[in-house]
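These notes are about the structure you will find just below.
The values are calculated or read from the model by the stated rules, or taken from the named source; none is laboratory data. Please read all numbers here as calculations on a predicted model, not as lab measurements. For neighbour counting, all protein chains shown are included, and Cβ atoms are generated from backbone atoms with ideal geometry for every residue, glycine included. Note: accessible area is taken over every heavy atom of the protein model, side chains too, but ligands, DNA and RNA are not part of it. Shrake-Rupley method; radii C 1.70, N 1.55, O 1.52, S 1.80 Å.
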Amino acid sequence: MDLFTAFTDGSSDEKIRVIDMHTSGEPTRIVISGYPPLEGKTLLEKRRCASERYDDIRKMLMLEPRGHAGMYGAIIVQETELMKSGEADIGVLFCHNQGYSTMCGHATIALGRFLVDTTDTLLFPRRNQLEVSQDKRTTKIRLHAPCGVVHINVPMTTADSVKWHSDGSRPVSFLSVPSFVSQSGLKIQIPSELAWKQLLHRDVSKPEPDTYTVTVDVAYGGAFYSIVTAQELGFSGGLRGETYTIEDFAEAARKLESLLKPRKDLYHHPRERDLEFSYGVMIVDKSFGSTVNGKPNERSEAGLLFFAEGQIDRSPTGSCVSARVALGVHDGWLEVGNDGDNWWTFESIVSAIHEGNGFRGRAISQVDDGVIVEVDGCAYYTGTSTFIAPDVRNGDDIGKGFRLELLGI
Ligand SMILES: O=C(O)[C@H]1NCC[C@@H]1O
């Protein structure tokens with residue numbers, strides 16, 4: 001038998017099949033077969049099971065040589081407690097280079113399209129029960145993510161349930177779990193020995209201090225983010241400053257997070273202890289954002305996210321858009337309401353140079369635990385793969401997955 005056929009169609013049950021998509025350049029590797037059933041009554045228990053028993057699969061799919069430093073994944077879960085109670089249609093676990101997250105906006109946008117387009121009812125048993133709005137040509141999917149139920153709205157090319165197909169020319173949107181500000185205007189003292197070059201040069205007119213104060217906001221959008229402006233970190237030219245490299249921003253984010261991560265008091269969730277951790281540092285630049293027909297859009301900003309121990313989001317980070325909109329409402333630069341004027345556009349350093357690829361966010365209602373934020377963006381298909389690891393039991397240690405930056409060179 002030809003090797004390609006043997007690897008892709010052969011009888012081995014150790015194959016893992018995936019469909020790859022990107023959302024503003026950020027990948028989502030959606031596992032469509034080969035992942036074992038997860039134990040646990042709740043989705044959060046299943047998340048623990050994935051991490052404790054099947055982490056070798058995450059490493060194989062996310063890390064090199066099959067993945068890369070920016071790879072991100074979605075594992076579809078067919079049975080969760082909120083599906084049983086009728087509150088959700090399907091479940092998902094999100095994974096990345098370092099572990100398992102609790103919310104992911106860019107992957108939610110990609111999954112919205114994928115779940116409409118797949119006809120595999122073993123993978124998505126309730127696919128044919130989705131309700132379709134005939135006039136808007138959209139359908140809704142209630143996605144049970146580790147942070148709670150996320151309501152996705154997916155545009156379709158036709159409302160005919162047999163032929164339906166997602167419409168990639170219109171954005172997918174989602175309503176996330178309540179988003180809120182955990183700490184605003186938090187002053188973090190950076191000792192001068194920890195300070196990075198740009199921070200050391202920030203307050204040039206003042207005598208050299210022993211510590212540098214950096215003001216940060218901490219907000220939740222399904223995961224907790226520290227949000228800080230590039231200028232506050234000493235990058236006076238913002239994210240586009242010609243003399244800065246990604247490594248300069250990475251160093252600042254890493255050092256700042258080393259002080260923020262241990263601060264458990266900043267990550268209090270009203271209901272769930274598993275959600276209480278720092279997911280990343282978002283460096284924001286309000287001095288540049290989107291363009292529309294080449295002209296600057298006043299209601300926009302750019303950001304660069306370092307998450308899960310230094311991974312860089314290529315997208316504007318949907319879950320952090322929720323957190324930033326909650327912050328905008330808290331600080332008064334955004335209002336609550338679902339009229340068209342409330343949108344704010346969020347760009348990443350990738351989407352900002354490809355017009356029309358940013359995410360938009362708006363706060364549509366106030367609830368007890370925060371605000372409900374609507375986020376929209378576009379995702380596209382990039383390919384499909386069948387992964388195998390026949391040699392890892394025979395000495396192929398590298399094939400189990402490695403992270404180049406952890407090799408200590
Ligand atoms: O869009 C998001 O929310 C995500 N992208 C990668 C890191 C976050 O989970």
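Exactly one of (1) surrounded by 22 or more Cβ atoms within 10 Å (Cβ to Cβ); (2) more than 20 Å from Val371 (Cβ to Cβ); (3) of a type outside the set (Asp, Glu) is unmet by Gly237. Its number?
(1)
What residue, of Leu93, Leu82, Leu63, is more than 15 Å from the ligand (Cβ to nearest atom) and closer than 21 Å to Leu305 by Cα?
Leu63
Collect the residues in segment 291-300 that are open to solvent by less than 60 Å² (accessible area, probe 1.4 Å) and either modelled with pLDDT of 90 or more or in contact with a His (Cβ under 9 Å, 6 or more places away or on another chain) (or both), keeping them in residue-number order.
Of everything in segment 291-300, those that are open to solvent by less than 60 Å² (accessible area, probe 1.4 Å) and either modelled with pLDDT of 90 or more or in contact with a His (Cβ under 9 Å, 6 or more places away or on another chain) (or both) turn out to be Asn297, Ser300.
Does Val336 qualify as being crowded, with 18+ Cβ neighbours inside 10 Å and of a type outside the set (Phe, Trp, Tyr)?
no
Rundown of residues vs (1) farther than 18 Å from Tyr380 by Cα; (2) not hydroxyl-bearing (Ser, Thr, Tyr), yes/no style:
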site	(1), (2)
Leu3	yes, yes
His22	no, yes
Leu61	yes, yes
Val77	yes, yes
Ser85	yes, no
Met103	yes, yes
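Taking the condition open to solvent by 10 Å² or more (accessible area, probe 1.4 Å), touching a Pro at 6+ places or on another chain (Cβ under 6 Å) and outside the structural domain of Val329 (by TED's automatic domain parsing), does Thr157 pass?
No.
For segment 256-289, which positions are closer than 12 Å to Ser348 by Cα and open to solvent by less than 10 Å² (accessible area, probe 1.4 Å)?
Met282, Ile283, Val284, Asp285
Which of the residues belonging to segment 308-323 are over 17 Å from Thr345 (Cβ atoms) and either open to solvent by less than 10 Å² (accessible area, probe 1.4 Å) or within 7 Å of the ligand (Cβ to nearest atom) (or both)?
Ala308, Gln311 - these are the residues of segment 308-323 that are over 17 Å from Thr345 (Cβ atoms) and either open to solvent by less than 10 Å² (accessible area, probe 1.4 Å) or within 7 Å of the ligand (Cβ to nearest atom) (or both).
Of the conditions (1) crowded, with 24+ Cβ neighbours inside 10 Å; (2) within 10 Å of the ligand (Cβ to nearest atom), Arg113 fails just one. Which one is it?
Arg113 satisfies all of (1) crowded, with 24+ Cβ neighbours inside 10 Å; (2) within 10 Å of the ligand (Cβ to nearest atom) except (2).
Here's a check for you: in segment 83-110, which residue that is open to solvent by less than 10 Å² (accessible area, probe 1.4 Å) and in a strand (DSSP E or B) is farthest from Val149 (Cα to Cα)?
Cys95
Please specify each residue of segment 342-385 satisfying the condition of being open to solvent by less than 10 Å² (accessible area, probe 1.4 Å) and within 16 Å of the ligand (Cβ to nearest atom).
Selection gives Phe346, Glu347, Ser348, Ser351, Phe359, Gly361, Val373, Val375, Gly377, Ala379.
Please indicate, with yes or no, whether at least one residue in segment 385-404 is among the β-branched types (Val, Ile, Thr) and touching a strand residue (DSSP E or B) at 6+ places or on another chain (Cβ under 7 Å).
yes
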